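Report on the following structure.
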Amino acid sequence: MSDMFCFQCEQTAGGKGCVKMGVCGKTPVVANAQDELTGALVGLAGAMEGREGAPGSERVDELLMQGLFATVTNVNFDEDRIRELTALVREEKEKLGGAEDLPPEKLWSGDPDQVSFRSTLLLGLRGMAAYAWHAHVLGKKDPDVTAFFYKGLRAVGGPDRPVAEWLDLLVECGETNLKCMALLDEANTSAFGQPVPVKVSTIIEKGPFIIISGHDLHDLKQLLIQTEGKGINIYTHGEMLPAHAYPELKKYPHLKGNFGTAWQNQQKELDGVPGAVLFTTNCLMPPKPSYADRVFTTAVVGYPGLVHIPEKNGEKDFSPVIKKALELGGWPEEHRLTGINGGTVLTTGFGHHAVLGVADRVVEAVKSGAIKHFFLVGGCDGARPGRNYYTEFVQKAPADTVILTLACGKYRFNDLDLGEINGLPRLMDMGQCNDAYSAIRVATALADAFGCGVNDLPLTLVLSWYEQKAVAILLTLLALGIKNIFLGPTLPAFISQNFLDLLVEKFAIRQISQPEADLKAILG
Ligand code: SF4
Ligand code: SF3
């Protein structure tokens, strides 16, 4: 008998599953509470059948998104908060006349292929829920996206089904996630403007400061407003870096720069930090005692003992974070932090609007032979040593190639100066993981310009995955029919051998090997 079961992320124990304790720090008690919450969500989706979209159903829509989001890797480690959510889900279900929860053991047991398809769908839903939530807090929703949470959860709780039916569901999940990323793009750009390329400093100025991590730009905006004129500087961390490119966020002079690198380095980088830290989403790691008193969580993020900033009537009061930053006072002198390759300037903001704005020059550079190939090297970062593959790949990519990137995996190389081709930067950061939407828009536009399909472009996707948003994005890419994706550092434990064979046969997906060998295979 194992104490728990979880195999949803790339660092899962032994490449198979965490059964005693999560490698991420998730305890069996929390893992089991999350399974119970998932079972309750399946029950609620079942109880809502035929009533979705009816007046008053918004509350249930929200609970589905929050419940799924709360179980994403490195989001919520707090048993009490997970149980509170479960109680709310059950309360709603009772109002609807009740329905059985899915017994948690049903989630991960049975025929290996059935478990694999079911899990992939559930993990895709979890990833998409995070994006849907960010759009939701900015007042945007798409009925197709909302409806698929219900449909998907009912399928997760439903009987075994033929492979073809699972594949249809997974493709639908991918297509729906594309709509969800488009919705979030619309939410972000209508609230904060179109990203404009910008250079971001990694120098921490003297004086009080707050570091904000995660993906939620709305939280950042609230924090910027509440810290205005208080002598506190704000630094982005991890997936918040692309925020600097949005005009409506950049306009705040106290949004100064970026702190540190990707999530897996936080226990080292935050050790003894004289500033407050706010986590708006993943990836939160168990905080060390040397800095736990200055870490705050908000939205669905949680960790026992950390102060949580709740939302009340659509407002959040960040005064405890502000008070802590003022108390700590910051470093007495300017503090220099470098990227992992020693660089001190990061560039971001190459969303679809910026890149398509120079599409003529890009097309011209390809036609003249100045640009031979595009690589999208992006996705999640993580702790595995093999992840330096991505740094080496980018360093070794020939000078006539362009690297597009996104998500936190870019910290492996975003401090490198790769130069320019005909005035176009060779390294372009398109934004957060959800800005995979931008990459898709650019690829589609290039395919149109050249009169070919996306698979015929001189473009290769070299992806790194870690958590469930990457699963949702991968499903989107497969739903779009994109082939020959290089995926690493390892393949998901939740993909069974038969399912993998199918992916290889249909999409020619393959695991990364060595940078030189893969570059040779791609460029010939
Ligand atoms: Fe293990 Fe990853 Fe699950 Fe954490 S999220 S328990 S590391 S598989
Ligand atoms: Fe990174 Fe956690 Fe996935 Fe949005 S912050 S990408 S791992």
| What pairs come up if the first residue lies in segment 277-291 and is closer than 13 Å to Val301 by Cα and touching a residue at least 12 places away in the same chain (Cβ under 8 Å), the second is within 16 Å of ligand 1 (Cβ to nearest atom) and not in a loop (DSSP other than H, G, I, E, B), and their beta carbons are under 7 Å apart, counting only those six or more places apart or on different chains? | Thr281/Ala130; Cys283/Trp263; Met285/Trp263; Met285/Gln266; Met285/Gln267
| Scan of segment 62-85 for residues that are within 18 Å of Val156 (Cα to Cα), open to solvent by less than 10 Å² (accessible area, probe 1.4 Å) and touching a Leu at 6+ places or on another chain (Cβ under 7 Å), ordered by number | Leu63, Leu64, Gly67, Leu68, Ala70, Thr71
| request: Please specify each residue of segment 342-371 satisfying the condition of being open to solvent by 60 Å² or more (accessible area, probe 1.4 Å), over 30 Å from the mean Cα position of the chain (by Cα) and farther than 12 Å from Ala449 by Cβ. | output: Ser368
| So Thr73 fits all but one of (1) assigned to a loop (DSSP other than H, G, I, E, B); (2) closer than 19 Å to His308 by Cα; (3) away from ligand 1 (no atom under 16 Å from the Cβ); what number is the exception? | (3)
| said: Go through (1) within 16 Å of ligand 1 (Cβ to nearest atom); (2) surrounded by fewer than 16 Cβ atoms within 10 Å (Cβ to Cβ) for Gln497 and report which single condition fails. | reply: (1)
| request: From the list Ala155, Ala187, Ala182, pick out the single residue that is in contact with a Lys or Arg (Cβ under 7 Å, 6 or more places away or on another chain) and open to solvent by less than 40 Å² (accessible area, probe 1.4 Å). | output: Ala187
| said: Tell me whether segment 45-61 contains one or more residues that are more than 21 Å from Asp142 (Cβ to Cβ), open to solvent by less than 40 Å² (accessible area, probe 1.4 Å) and more than 9 Å from ligand 1 (Cβ to nearest atom). | reply: yes
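Yes/no matrix, rows are residues, columns are (1) loosely packed, with under 15 Cβ neighbours inside 10 Å; (2) more than 22 Å from Glu175 (Cβ to Cβ):
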site	(1), (2)
Pro104	no, yes
Ser109	yes, yes
Gln114	no, yes
Leu123	no, no
Met128	no, no
Val137	no, yes
Lys140	no, no
Phe148	no, no
Ala164	yes, no
| Enumeration of residues in segment 200-249 that are in contact with a helix residue (DSSP H, G or I) (Cβ under 8 Å, 6 or more places away or on another chain), among the β-branched types (Val, Ile, Thr) and in a helix (DSSP H, G or I) | Thr227
| Applying the selection to segment 360-388, what residues are assigned to a helix (DSSP H, G or I) and within 24 Å of Leu457 (Cα to Cα)? | Asp360, Arg361, Val362, Val363, Glu364, Ala365, Val366, Lys367
| message | Suppose we filter segment 435-461 for residues that are open to solvent by 20 Å² or more (accessible area, probe 1.4 Å) and free of Cβ contacts under 8 Å to residues at least 40 places away in the same chain; how many remain? | response | 8
| Quick check: anything in segment 414-431 open to solvent by less than 20 Å² (accessible area, probe 1.4 Å) and assigned to a helix (DSSP H, G or I)? | no
| query | Are there any pairs with C-beta distances below 7 angstrom linking a residue in segment 38-49 that is farther than 12 Å from Leu63 by Cα to a residue that is β-branched (Val, Ile, Thr) and part of a helix (DSSP H, G or I), with the two at least 6 apart or on different chains, and if so which? | reply | Met48/Val60
| request: All but one of (1) more than 16 Å from ligand 1 (Cβ to nearest atom); (2) within 26 Å of Gly382 (Cα to Cα) hold for Ile421, so report the exception by its number. | output: (2)
| request: Would you mind stating whether Leu328 is over 25 Å from Gly257 (Cβ atoms), in contact with a helix residue (DSSP H, G or I) (Cβ under 7 Å, 6 or more places away or on another chain) and modelled with pLDDT of 95 or more? | output: no
| Odd one out for His134 among (1) in contact with a His (Cβ under 9 Å, 6 or more places away or on another chain); (2) within 22 Å of Leu500 (Cβ to Cβ) | (2)
| said: Given the condition away from ligand 2 (no atom under 16 Å from the Cβ) and open to solvent by less than 40 Å² (accessible area, probe 1.4 Å), answer yes or no: does some residue in segment 462-477 qualify? | reply: no
| field | Exclusive hit being within 11 Å of ligand 1 (Cβ to nearest atom) and part of a helix (DSSP H, G or I), set Gln8, Gln34 | value | Gln34
| field | Gly25 being on the phi > 0 side of the Ramachandran plot, outside the structural domain of Gln468 (by TED's automatic domain parsing) and near ligand 1 (Cβ under 10 Å from one of its atoms) | value | yes
| task | With the checklist (1) closer than 25 Å to Gly22 by Cβ; (2) free of Cβ contacts under 8 Å to residues at least 60 places away in the same chain; (3) surrounded by 20 or more Cβ atoms within 10 Å (Cβ to Cβ) in hand, flag the one item Val307 doesn't pass. | result | (3)
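The values are calculated or read from the model by the stated rules, or taken from the named source; none is laboratory data. Predicted model, so just to flag it, every value in this text is computed and none were measured. Here the Cβ is made from the backbone with ideal geometry for all residues, glycine too, and neighbour counts use every protein chain on show. Ligands, DNA and RNA are stripped out before the accessible areas are found, and what is left, the full protein with its side chains, is counted by its heavy atoms. Shrake-Rupley method; radii C 1.70, N 1.55, O 1.52, S 1.80 Å.
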